[in-house]
1. Per q in 0.14, 0.15, 0.16, 0.24 Å⁻¹, report the Debye log10 I(q)/I(0) for the stretch 231-310, using one uniform scatterer on each alpha carbon and no solvent.
2. Using amide H atoms built 1.01 Å from N in the peptide plane, name the residues 5+ places from S211, or on other chains, whose amide H lies under 5 Å from its own.
3. Using DSSP to call loops (not H, G, I, E or B), can you name the GluC sites (Glu not before Pro) in the stretch 103-196 whose Cβ has at most 15 other Cβ atoms within 10 angstrom?
4. Could you tell me the distance between the Cα centroids of the stretch 124-193 and the stretch 1-63, to the nearest Å?
5. Under unit Cβ charges (Lys, Arg +1; Asp, Glu -1), what dipole magnitude, rounded to 20 debye, does the stretch 28-136 have relative to its Cα centre?
6. Apply the Debye scattering formula to the stretch 1-107, with a single equal point scatterer on each alpha-carbon and no solvent, then give log10 I(q)/I(0) at q = 0.12 Å⁻¹.
7. Can you tell me the accessible area per residue over the chain, all protein chains present, probe 1.4 angstrom, in square angstrom?
8. Using a cut-off of 21 Å between alpha-carbon atoms, which lysines can reach K378, once sequence neighbours fewer than 8 places away in the same chain are excluded?
Amino acid sequence: MSTECKYQQICGGCPLRHLAEDEYRQFKIAEFKKTIQQIKQDDIKICAPVFINDGNRRRAELAFLQNKGKIVLGFNAAQSHEIIDIENCLSLTAELNEILPQIRNFLQIFCSIEQNKKVKNKIQKTSVKSGDIWLTQADNGIDILLQIKESIGLEHRMEISDFANRCSSVLRVSVSVNNAYPETVAEKVKPYITMGNREVLIPTGTFLQASTEGQQALIDLVLYYIGETQGNIADLFCGVGTFSYPLSQNIKNKIIAIDSSQELLDGFKQTVNKLMLPNIKIVRKNLFKYPLDANELKEFDIVVFDPPRAGAKAQVEQISAMPMADKPQKIVAVSCNPHTFVNDANNLIEGGYHLKEITMVDQFVYARHFELVALFEK
């Protein structure tokens, strides 16, 4: 694992990169154990942590700015809005690093394009001055999303199409203006990633695990903790179906996948329909406002949940309040925020569950964040 980065003193992306590998890993393990100590149960089995290697980040959000006719492209400085101009990033995959010079050249042309805009009854020349660019490395190429504040014209669209055609690795380029739903401007082929040995189409700008290796580590742990248990499974905060697809490989499992994002679920449904998977049912529901109640939950043998950083408080409270006989046999919790996980874990324990095992997954290399997967049983 290489730690030498010429930006590490100024870039805010990897605050722990200055540490030697062993020192870094011991720091992460110590932070993890410190978090677990807040859980109100003594006999918690802590499994060996899973560390993902450096250089595997398949998703990145870079900021760009046209400054004196030149493009500044990179990440924000630590605790600042200043953009650190970078040539490459040790955290990213080789494929994403390889395309950075081409993206810089594209932005140089794209931001130089002017168009007329009427402002207070006067015609003014405007151009794109700044924005963010999301890069996602799919299994078959690279997906790009531009987030800008200015609307684009025909010349912008032509340059996007030319850029996509120039770069063999670019599959799709979309644009979001003022955080509106992204418009796909150029698409040579739909990007996909592999989940549970299935090619899953991904919507523009979709949330994915930070690395392919990290995604597989989480899937492996969820399947390991479920073990031989099978039956009706609730996959809550399901996203694009990261856990639903591998769970559906056992035809005896019947999965209800629930999320609030229409965009994510549309892509999920498209793939489920294309693959004709009979044992996945997709439901749109805001689990923060309208969690599954006792009558709905008692139908499930297993609940898997992977909430955003806010945690699953409302849903966990519903599970904990159920009569013991009706509770799902197993709860498998995936969390990207250990602090909200502690609250959810304590709620489940108070509701009659036993936290049997927990594993840390470190896919945000040299960052302070880590993820975890935990098994609760009645």
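1. Each listed q corresponds, in turn, to -0.41, -0.47, -0.54, -1.20.
2. Sorted by chain and number, the residues that satisfy this are R58.
3. E114
4. The stretch 124-193 and the stretch 1-63 have Cα centres separated by 32 Å.
5. Charge dipole, the stretch 28-136, about its Cα centre: 700 debye, nearest 20.
6. Rounded to two decimals, the profile gives -0.55.
7. That works out to 47 Å² for each residue.
8. K40, K45, K254, K298, K313, K327, K330, K356
The values are calculated or read from the model by the stated rules, or taken from the named source; none is laboratory data. Model, not experiment: these values are computed from the prediction. Because the Cβ atoms are built from the backbone with ideal geometry, glycine has one as well, and the counts that use them run over all protein chains shown. Surface accessibility is based on the protein's heavy atoms, side chains included, excluding ligands, DNA and RNA. Shrake-Rupley method; radii C 1.70, N 1.55, O 1.52, S 1.80 Å.
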